[in-house]
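One structure is given here, and the rest of the page talks about it.
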Amino acid sequence: MTPTNIHLAQRVTEVTPFLAMEIMERAKALEAEGREIIYLCLGEPDFPTPEPIVKRACEAMQAGETRYTHSLGRIELREALSEHYQNRYNVTVDPEQIVVSSGTSPLMLLLAAALCDPGDEVILTDPGYACYPNFIRFVGGKPRFLRTRPEQGFQPQPDEVRALINDKTRALLINSPANPAGSILSRSELARLAELPIPLISDEIYHGLTYEGEEHSILEFTENAFVLGGFSKAYAMTGWRLGYLIAPKSAVRALQTFHQNVVISANSFVQLAGVTALREGEPYVAEMRAEYDRRRRHLIPRL
Ligand SMILES: Cc1ncc(COP(=O)(O)O)c(C=O)c1O
């Protein structure tokens, strides 16, 4: 067969590889060759998913829960998420404001597509999670990087953000607990960021894994925010691919329409397992958190 000349669009060739994944894939290849590997590459728990969550998924699959679901996600899961936000943060989230998907990652692309026309800007911290700028560039937007400093936990300062805002700015993306810095934004820092005259995107995927201080959702301070959350980290469910986006009501329909086209819906039985994670997972999360904390305390003085 003669090879076909395939033209790849510039937008895909400009996506930078997700290096943590590349290293993991290389490590797996070396492991297959018999090398002994200690995995430090990804934000991935080394615990198995808690037993009741696995059991629920198996039962759901056996009971035939294997079809497409509502494109926003199963109502049981969206109601359980709404309850979770009420109990944990004392905020009211309407299940109709939630889009459930196969991890938070596709939702980041959806959100970038919904917020950015070509040339529009999203303010990101540098350092930050390496995939964010790719989603923004992919839809023709421009990441505006705010260089953050160690003495501020590499978290954005409202005055410095203000200086970057112009009429093309569509949002500021914050991440607490942060990847890679591990720092958290305090209640007062979140409150001050919430006063900025732009929507906030708050990646709260590491919630549940805070070791010192309190954990707050941006929704405690403003409704003008998008929250990215998921099950990968706290519930040790990285491979299940389950995440969600909470959006202001006015944006939901646009996000839903795109989601119907691109993802259709997250896995049905995985969504039911997510309900069990929210309702029965906390004791397991507490155990894993205590073990991560023990390791952290071992490592920090040595670093
Ligand atoms: C800050 C941050 N957000 C999102 C993700 C991706 O999460 P998900 O597994 O829900 O796609 C990661 C994964 O490492 C991350 O570190």
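Between R289 and K55, the simple spin-label model (points 7 angstrom out along Cα→Cβ) gives 2.3 nm. Since only F138, Y244, L185 are under comparison, the one whose Cα sits farthest along the positive direction of the charge dipole of region 123-258, derived from C-beta charges on Lys, Arg, Asp and Glu, is F138. Could you calculate the FRET efficiency of Q157 with L303 from 1/(1 + (r/R0)^6), where r is the beta carbon distance between them and R0 is 25 Å, rounded to 0.05? With a Förster radius of 25 Å, E is 0.45. Applying a DSSP loop filter and a limit of 16 other Cβ atoms within 10 Å to the chymotrypsin sites (Phe, Trp or Tyr not before Pro) in region 184-252 leaves Y211. Largest GNM mean-square fluctuation across Q271, Q152, Q97, computed for the chain with C-alpha springs under 10 Å, falls on Q152. List the lysines whose Cα lies under 23 Å from the Cα of K233, skipping any in the same chain that are fewer than 8 positions away. In chain and number order, the partners are K28, K55. Fewest-first ordering of H298, H207, H70 by other beta carbons within 10 Å of each residue's beta carbon gives H298, H70, H207. For region 65-100, trypsin sites (Lys or Arg not before Pro) meeting the loop criterion (DSSP other than H, G, I, E, B) and having at most 15 other Cβ atoms within 10 Å: R67. Looking at region 63-135, the chymotrypsin sites (Phe, Trp or Tyr not before Pro) that sit in a DSSP loop and have at most 15 other Cβ atoms within 10 Å of their own Cβ are Y68.
Based on DSSP H segments of at least four residues, each scored -39500 (n - 2.57), the chain has a per-residue ellipticity at 222 nm of -13000 deg cm²/dmol. With the Cα gyration tensor of region 140-227 giving a ≥ b ≥ c as the square roots of its eigenvalues, does the rule (a/c under 1.5 for rounded; else a/b larger than b/c for prolate; else oblate) give rounded, prolate or oblate? Prolate shape, in that a/c is at least 1.5 and a/b is the bigger ratio. From the square roots a ≥ b ≥ c of the eigenvalues of the alpha-carbon gyration tensor of region 208-259, which class results: rounded (a/c under 1.5), prolate (a/b over b/c), or oblate? It is oblate, given that a/c is not under 1.5 and a/b is not larger than b/c. Taking a straight line from the alpha carbon of K142, these lysines sit under 26 Å away, with near neighbours fewer than eight places off in the same chain left out: K168, K249. Bridge orientation summary for region 46-181: considering DSSP beta bridges with both residues in this region, about 0 percent are antiparallel. Is the chain best put as rounded, prolate or oblate by its Cα gyration tensor, with a ≥ b ≥ c the root eigenvalues, rounded for a/c under 1.5, and otherwise prolate when a/b is larger than b/c, oblate when not? It is rounded, given that a/c, with a ≥ b ≥ c, falls under 1.5.
Sorting I98, I165, I38 from the fewest to the most surrounding beta carbons within 10 angstrom yields I38, I165, I98.
Just to be sure I understand the rule: take each whole DSSP H helix in the chain, project its Cα atoms onto its long axis, keep it if the span is 15 Å or more and its mean Kyte-Doolittle hydropathy is at least -1.0. Which ones pass? Span-like helices here: 19-32, 51-62, 104-115, 249-262, 268-280. Modelled spin-label separation between Y39 and C131, with each label point placed 7 Å from Cα along the Cα-to-Cβ direction: 1.5 nm.
Laboratory data are not the source of any read-out in this text; all were calculated from the coordinates shown. Values in this document were obtained by computation on a predicted structure and should not be read as measured data. Because the Cβ atoms are built from the backbone with ideal geometry, glycine has one as well, and the counts that use them run over all protein chains shown.
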